[in-house]
């Protein structure tokens, strides 16, 4: 028995309602990307089954079973119903990597999204590569947080400052 085609995969009712809330042709493009997410997950070793749910009211795809990847969300630009957004955790290096690999293929929104114009054909092959990178982000040893965006807890910051003082000699209280 062959597995069902991604387009025929059952969709949770809440996710279906979220897709129904999108206007056409945005909905059609987002459903096309949904299919590509499931196809890519099925073809990418170590990803396993996806969890399809809502995050911030938008369809989201998680690798709960294996923990191999970072969440992918589908939505739109808030300023336009004509631009599809494939959103990623902004605290990862994913969009930075996509931009390095595909500088001319996609438009980007900061460090959080690939933007797809509805008037252009879906760049399925490069998008599948980006999706595979997201679905294997943790497994590839990329960590979960972009170190340039990480904020140290106050206790760690104090410890780091104390270590720096210790390495450069003790602070002198003399000379006052």
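We did not get these values from a lab; they are worked out from the coordinates using the rules stated. In this text, all values refer to a predicted model and were calculated from it rather than measured experimentally. Every residue, glycine as well, gets a Cβ built from its backbone with ideal geometry; the counts of neighbours run over all protein chains shown.
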Taking 10-19, 78-87 and ranking on average Cβ neighbours within 10 Å, highest first, one gets 78-87, 10-19
Based on the mean of other beta carbon atoms within 10 Å per residue, what is the order of 64-76, 97-109, most packed first? 64-76, 97-109
With label points built 7 Å along Cα→Cβ from the Cα atoms of residue 139 and residue 100, find their separation and express it in nm. 2.1
Convex hull volume of the Cα atoms in segment 39-128, per residue, in Å³? 108
